[in-house]
Each structure stands twice: as structure tokens, then as C-alpha cells.
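Working notes, beginning with the structure itself.
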Amino acid sequence: MTNETSNSTDTSTDNDDQPVIKCDGVYKIFGENTEEMMAKSNGNIDVEKFEDAGCIFGVNNASLEVHKGEMLIVMGLSGSGKSTLLRCISRLTNTTAGSIFIDGEDLLAMDAKELTQLRRNKMGMVFQSFALLPHKTVLENIAFPLQVKGTSTQDSMKRAMDMINLVGLTGRENYFPRQLSGGQQQRVGIARSLAVEPDIWFLDEPFSALDPLIRKEMQDEFLRLQEMLNKTILFVTHDFDEALRLADRIAIMKDGVIEQCDTPANIVLHPATEYVAKFTNDVPREKVLTCGNIMEEVGTTSDFSEIKVPRDAVIETVAEAVLNEPKSVAVIDDNDDTIGVLNRKSIIHILFGKDDSETLSTNQAAGE
């Protein structure tokens, strides 16, 4: 995963590689008049006319791309269309209009057999509901999708045991779901989806039913797994803090529309709409932004502190050190080359929204 900012809201990388997932002008419209309205529209969907006819837009002209190894988080409030979009992309729900491609293949043109093969061999899914089979053990639950694919019992059990070790459930392989905590049950669901070695991982509010502490632990575990496995992930959540913590990019939805799709840093620094800005108002910027996001040009500065900070370091982790330095601090890249500078002023601005002189004036006024 990467935390570097991007100047584009449409792609996650400067690489010209084909996206793993591509959606173009996707609509999902509900209502008994939808089919009739679509026939009249000749492909030109007038939202106001459709709504006047009693139609409801679950997804409204959504376009996005997800590249290999990227985690794109789709978020929004309840009813924003985020889960509906995921269900369209996984074709659990049929789209009304638009196109969806998986590794360049037209998802909407696939017949039932092709779709089944795609899901069995390329897709893994985890939902808020754990959906574990109560009469099967942890080991049997994880092995089940492999056996459906025709994998031998011996091979499926071996693979399931590998997944149990991966998600930290060693020693609980013979437990039944009722004997597990909520967090442990979610780990079984994650292990089961990973057992088939999916290239693409769909997760719909996977941690929403968990207590806050367990949810934090599962986020940590999820980041660890992604670091190891480098899956292409489409993750749905309503929790902005969760999105900021996990995402390479975030797509924020409202009323079926993608309001902005960008890196967490760009969304915090440059919200595209008033609606997006509301999400970022209370975000502690020091937990989101990196040194590379706020560094200044080196210019003629030559008298640097002995301290150096990496470009990808989150501000929260370096703020105290920089604030205690009277000299500018060099920001370095992976080759240890200086690419920018940080100073007390830039850190104070991020932490408090003001510079050194403003802080001094405020303190003097308080003293008086």
C-alpha cells in the first residue's frame, strides 16, 4: 500500500497497466417503472425524469478503477449506495446501465457458467454477517469452498490449516462457531475467503458488527494480511476513520454518486465538494498526512538539523521531534536523498491551523 498523494482522482498510479476492476457509467435504478423509462431514454438517463416516475437511484453514473494490489475503500452514510455498488461490481446485483470489466473481461457479458468460474477462481467475499456453517468446525468451514471447487479432502484440509495459521486461529481449528468470539468468527470468514486464493477481495462492512477494541485488532490484522498477500481490494465501510487507516484511495458516495475518489491525504487537504469537506472537518490531520504531503521545497536552506524524516512517515510520529528542533528537518526519499524540508511552522500549521507567530501572539494575549 502507498500513502503518496496523486494529482489525479481517476487513477491510482502513473503506471499504464490495465486496471483489475474498471467501472464506467454504472447505474443501478430501482422501481417498477425503471424498465419502461430505460426503453424511452435511448441511453440518456435524466435523473430528474426517472425520479419523477418513481425510480430510485441506488448507484448514479459511477466510474472508478482499482489497480493490482490497491485497496480502494468505498464509503458513505447509510443509503449512499456503497454496498449496492459493490454488489454490482461483484454482479450479485444486476446493473441497470454502464459497463464493468474485471481484468479486461466484460463482466456484464458473462453467462452463468463464466460468472461462476470467475467467482470461484478470482473473487473472495467477506460480509458483515459471518455466515459460518454452525454444524461445521472452523477447519471444515474454511475448507468448504475448496471442496465445492472439487479439491480433495486432504488438500482442502491442508490449505484450510494454512489459513488458520495465517489469521492467528491456531489451536481453534476444531472449535464450532458458537465457541468463538465475534472477532474470531470474523477471522474464520476472512480465512475462508482467502482459502480459494482470490485475486480480488470484496469486503462489505466486515468489521461493523464488532466491538471497538476487537474492530481495531481486526484492522491491524487486515493490514498485516494485505502487507503479506498484496490483494486487489474493494472495501465498503461507513466509518471514515477506518477508511483513512486502511485505504490507498477512498471513494466517498452520496445518493448513489461518487463525490470524490482520491488518496486519503488529498481528500483531507482538497475536498472536492462541501459534502466531502464535512467528513474531513474533525479528522486529526496529523494521523493522515505524511511528511511528503506537507514538506516545503529545499530552496537555499543548507543549515539542517541532524534529524532526518522519511517522506512516508505520518506527521503524528515525527511532530514532537520536529517541534523540538530550531533548524529545518530534511525529508528524505527511499535513497536517503533530501527532497524537501519540515520545520516548526509547518507542523504547527497542521496541528493547530496556525503558524508560529500566530501561536506566539495567542500565548502572549493569554499571558496578558
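Quick note: the coordinates plus some simple rules give every number you see, no bench work behind them. All figures in this text were calculated on a predicted structure; none of them were measured in a lab. For neighbour counting, all protein chains shown are included, and Cβ atoms are generated from backbone atoms with ideal geometry for every residue, glycine included.
List of remarks:
- For the chain, with +1 on Lys and Arg beta carbons and -1 on Asp and Glu, the positive-most of Val329, Ala191, Gly81 along the dipole: Ala191
- Peptide packing: for 164-172, 60-68, the average count of neighbouring Cβ atoms within 10 Å per residue gives the ranking 60-68, 164-172, highest mean first.
- Whole-Å distance, taken between Cα centres, linking the stretch 242-256 and the stretch 288-324: 27
- Mean Cα-pair separation over length for the stretch 33-102, i.e. relative contact order, pairs under 8 Å, 6 or more apart, %: 23
- Sum of side-chain charges, Leu85 neighbourhood, beta-carbon under 11 Å (Lys, Arg +1; Asp, Glu -1): +2
- Spin-label pair Asn121/Asp162, simplified geometry with 7 Å Cα→Cβ offset, distance in nm: 1.8
- Sequence of Val148, Val26, Val257 once ranked by neighbouring C-beta atoms within 10 Å, starting from the fewest: Val148, Val257, Val26
- Taken about its Cα centre, the chain carries a charge dipole of roughly 1740 debye when the Cβ of each Lys and Arg holds +1 and the Cβ of each Asp and Glu holds -1.
- Charge tally around Leu210: other residues with Cβ under 13 Å, Lys/Arg +1 each, Asp/Glu -1 each, net -4.
- When you restrict to C-alpha pairs under 8 Å that are six or more residues apart and normalise by the size of the chain, the relative contact order lands at 19 percent.
- Cross-link pairs Lys68/Lys278; Lys82/Lys216; Lys231/Lys287; Lys216/Lys278; Lys122/Lys149 - those with Cα-Cα distance over 19 Å: Lys68/Lys278; Lys82/Lys216; Lys231/Lys287; Lys216/Lys278
- Cβ-to-Cβ counts within 10 Å put Leu108, Leu132 in ascending order as Leu108, Leu132, the fewest first.
- Dipole-positive endmost among Met123, Thr317, Phe352 within the chain (Cβ charges, Cα centre): Met123
- Karplus-derived HN-Hα couplings along the stretch 247-252 (A = 6.51, B = -1.76, C = 1.60, θ = phi - 60°), whole Hz, x at Gly and Pro: 7, 7, 9, 10, 10, 9
- Interchain or long-range residues, amide H under 5 Å from Val257's placed H: Asn60
- When each of the peptides 116-125, 285-294 is scored by how many other beta carbons lie within 10 Å of its residues on average, the order from highest to lowest is 285-294, 116-125.
- The stretch 276-316 - percent relative contact order, Cα under 8 Å, separation 6 or more: 58
- In this structure the amide hydrogen of Ala97, modeled in the peptide plane, comes within under 5 Å of the amide hydrogens of Tyr27, none closer than 5 places in sequence on its chain.
- For the stretch 162-179 and the stretch 107-127, distance of Cα centres in Å: 27
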